[in-house]
Amino acid sequence: MPEVRSPRSTHRRHYFWFATVVAFILLVTVVFVFAQHTSSPASAAQSLADTDEQRIAELVVANHILFDQGVLDGFGHVSVRSVKNPKHFYMARSLAPALATKEEIFEFDENSQPIDPRGKRMYGERFIHGEIYRARPDVQAVVHSHSITVVPFGTVNVPLRPIMHMAGFLPQQVPVFEIRDVKGENNGVLIHDIEAGAALAKVLGSGPVALMRGHGMAVAAPDVRTAVFRAIYTQLDAQVEAQALALGNPKFLNAAEAANVNKVNEGVVIRAWELWAPHAELATAPFRAGKP
Ligand code: MN
């Protein structure tokens with residue numbers, strides 16, 4: 001005799017399957033959200049608020065930090081790519097980086113021309129930034145510095161190499177851009193057009209830093225904080241290397257050591273940023289208020 005199911009037992013069975021499916025979906029959601037937040041806290045935090053407004057706010061602080069840490073002085077610049085229009089980027093007008101405020105940040109197009117210059121003068125070397133963004137879709141931030149510890153390595157036949165663990169991002173030999181290759185010997189050393197900027201971006205290749213002979217360096221990174229980190233530690237690595245070379249025959253980080261330690265360092269850039277930022281704000285605020 002076949003079993004006769006009461007309507008009540010059928011309801012219970014349906015309810016059981018419904019509850020199981022809901023519980024499963026909830027579990028998958030919780031695991032997914034948890035994984036997103038724990039796999040990379042820094043990048044997760046960044047992606048949550050990754051707007052142009054947020055990037056511009058960080059860019060202003062980056063200007064102050066790079067002055068405070070001696071990477072920029074009255075000259076040099078830092079920029080960030082736009083999120084809403086990735087062909088465009090943001091950078092201060094022509095002014096000393098320590099004096100940058102969000103009102104002094106301008107938007108530039110893919111040919112490094114300001115969208116609305118508001119009658120202000122722009123940095124002559126903005127093509128460094130525009131051409132690196134054009135050549136490198138992975139790059140979100142660029143620094144151009146005349147760091148005095150770095151300049152010597154662009155002028156001699158001794159390569160800048162990773163020698164201290166905080167500079168593990170450096171390649172085994174940092175490339176050097178020679179402007180005479182593009183502009184000959186009678187045109188100065190500044191990057192004043194797309195042609196020179198594109199040639200510099202080509203020398204940079206897929207790397208984080210290119211030296212510029214007799215001039216400085218260009219630093220590329222996946223975000224503003226990492227760009228600041230790399231610029232500061234390229235400057236310090238150059239200082240350590242010069243000192244070590246003066247002492248004798250230094251042992252450098254090999255590629256495996258550099259890659260290994262860099263993975264750790266670039267996961268904790270926030271630790272340095274949280275110190276550099278307030279230090280720089282304290283140090284530079286009086287200048288922006290016009291009462292040093
Ligand atoms: Mn320059």
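The values are calculated or read from the model by the stated rules, or taken from the named source; none is laboratory data. Just so we're clear, the structure is a prediction, and the values are computed from it rather than from any experiment. Positions of Cβ are generated from backbone atoms using ideal geometry, with glycine treated the same way; all protein chains shown enter the neighbour counts. To get the accessible areas, we keep the full protein, side chains included, count just its heavy atoms, and leave off ligands, DNA and RNA. Shrake-Rupley method; radii C 1.70, N 1.55, O 1.52, S 1.80 Å.
In nm, what is the difference between 0.36 nm times the number of residues separating Leu95 and Leu275 and their Cα-Cα distance?
The span from Leu95 to Leu275 would gain 62.3 nm if fully extended.
In the full protein context, segment 51-289 carries 45 Å² of accessible surface per residue, based on a 1.4 Å probe and ignoring ligands, DNA and RNA.
Each Lys and Arg adds +1 at its Cβ and each Asp and Glu adds -1 at its Cβ; summed about the Cα centre, segment 73-182 shows a dipole of about 140 debye.
Surface composition of segment 113-238: carbon plus sulfur atoms contribute 51% of the solvent-accessible area (1.4 Å probe, protein chains only, all chains present).
In this simple spin-label approximation, Asp116 and His165 carry label points 7 Å from Cα along the Cα→Cβ vector, and these lie 5.0 nm apart.
When the label point is put 7 Å from the Cα of Phe75 along its Cα-to-beta-carbon vector, which residues of segment 111-137 have a backbone N closer than 17 Å? Of the residues in segment 111-137, 122-129 have backbone N under 17 Å from the label point off Phe75.
Placing a pseudo-label 7 Å from each Cα along the Cα-to-Cβ vector at Thr51 and Gln173 gives an inter-label distance of 4.8 nm.
The stretch between Leu282 and Ala259, if pulled fully straight at 0.36 nm per residue, gains 4.8 nm over its current Cα-Cα span.
In this structure, the pairs whose alpha-carbon distance is over 31 Å, taken from Lys120/Lys183; Lys87/Lys120; Lys202/Lys251; Lys202/Lys263; Lys102/Lys183, are Lys102/Lys183.
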